[in-house]
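Here the structure comes first, spelled out in structure tokens, and everything after it is commentary.
The values are calculated or read from the model by the stated rules, or taken from the named source; none is laboratory data. Keep in mind that what you see is a predicted model, and the values were worked out from it rather than measured. Virtual Cβ from ideal backbone geometry, glycine too; neighbours counted across all protein chains shown.
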Amino acid sequence: MARAQGELEDLAQRGFRFAVSLTGEATRAEDLLQDSWFALLKANGPWNAGYLFRTIRNRFVDEFRREARMETVPLEAASDVGEEIAPDFWSGVDLASANGEVEAVMSRLRPEERAVLYLAAVEDYTAQRIGDLLEWPRGTVLSMLHRAREKLRRAAKGDGSTS
Amino acid sequence: MSERDLKHTVSRFFTEHSLPAPRASRLSALAAATDESSRRAASPRWAAFAGMLAACVIVTAFVTARLVSPDQGAQGTVADASRQGTQEIESATGENGECRTPRLVAVSTRADWCPMCPRMTPVYKKLMEDYGERSVLFVVFDMTDDAAKKQTEYLASTLGIEWLCKQKMPTGSINLVDREKGVVLASVTQPDQMDELIGSLDKALK
């Protein structure tokens, strides 16, 4: 069944936001989305979020590899972060006094940290589903999420360092 | 959940970015067109599959009826039903059981991008209404894209007129084909040329 154009526009917006989560800026995200969209056009779909996100992610990795800008980080086991994203995960950080610092830190996070935050917070994906999409073990996804939250917590306390 | 909680902040960070509307619209229109054309290209494949399935069912029914009731009427409702079905099948087939595909085929060639096609569509429909009950097969060859062309080739091959695909047939044309002789009896590209095609059709039907 052919999809309605409105549905596809919504999919393009979601793809764009995922691309923003990887690139950290809108202009490169537009280019990344367009490349991925044309790859899907060439392959005749399928037009679903999972496939689009995976295509965007693969294109992003290829692009970084070409530019030799890929920073490698050893994968971490998630021994101390539990089995799934805990219900109180999002409420454990007090942002009352952040004053815009969080947004600034968001743009300085590593691409993969922003990507897992986007998929968990906006798309409501589980750690397993994020792991399947990004081709990481679930434990790595959880540890990445906790690390990103820790950086944001520090930012909320006034320490803007993302290291 | 407070206004300033982490999930809300993260969500707001991402959702405040949005793809410019004209670009989103252009991308979705492209995808919608591809989605539609792939759906259309898939349809003939399903139609071909359904056709083959129907043919298998008919052949099975025919053979079953012959086995259950070879020459004379057999007893029982199953045999009666089979025999009745066989009679219907035989009325639609030739003496040797082969399908009576009409000798004459009226082929309309079309494509989505063809500016002439909308002018020829009502003419072709009228021809089909006037001659639909005569021994003429009406088929449409879709030349919109490579997938549609491939399906057209399969259809032509099934009808034994694959040679027609190798000829330069303009889109928006209607061609009258004699399958047995392997010739195009008439070909028109303008609505006002239809008299010529109808004349050839009447002559061939005599």
So, first residue within 14 Å of A:Leu119 (Cβ to Cβ) in the stretch A:42-63, second residue part of a loop (DSSP other than H, G, I, E, B), Cβ within less than 8 Å, six or more apart or across chains; the pairs are A:Ala49/A:Glu123
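Residue-wise test of (1) outside any helix (DSSP H, G or I); (2) farther than 17 Å from B:Ala32 by Cβ.
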position: A:Gly6; (1), (2): no, no
position: A:Gln13; (1), (2): no, no
position: A:Phe18; (1), (2): no, yes
position: A:Leu32; (1), (2): no, yes
position: A:Asp35; (1), (2): no, yes
position: A:Leu41; (1), (2): no, no
position: A:Gly45; (1), (2): yes, no
- Query: Could we say that B:His8 is facing another protein chain (nearest Cβ under 7 Å) and at pLDDT 70 or above here?
  - Reply: no
Within the stretch B:124-151, residues without any contact (Cβ under 8 Å) to a residue 24 or more places away in the chain and of a type in the set (A, V, I, L, M, F, W, C) come out as B:Met128
For the stretch B:163-172 the number of residues that are more than 18 Å from B:Ala204 (Cβ to Cβ) and surrounded by 14 or more Cβ atoms within 10 Å (Cβ to Cβ) is 4
message = Going by what's in this entry, would A:Val102 be described as at pLDDT 90 or above and either more than 9 Å from chain B (Cβ to nearest Cβ) or closer than 14 Å to A:Glu150 by Cα (or both)?
response = no
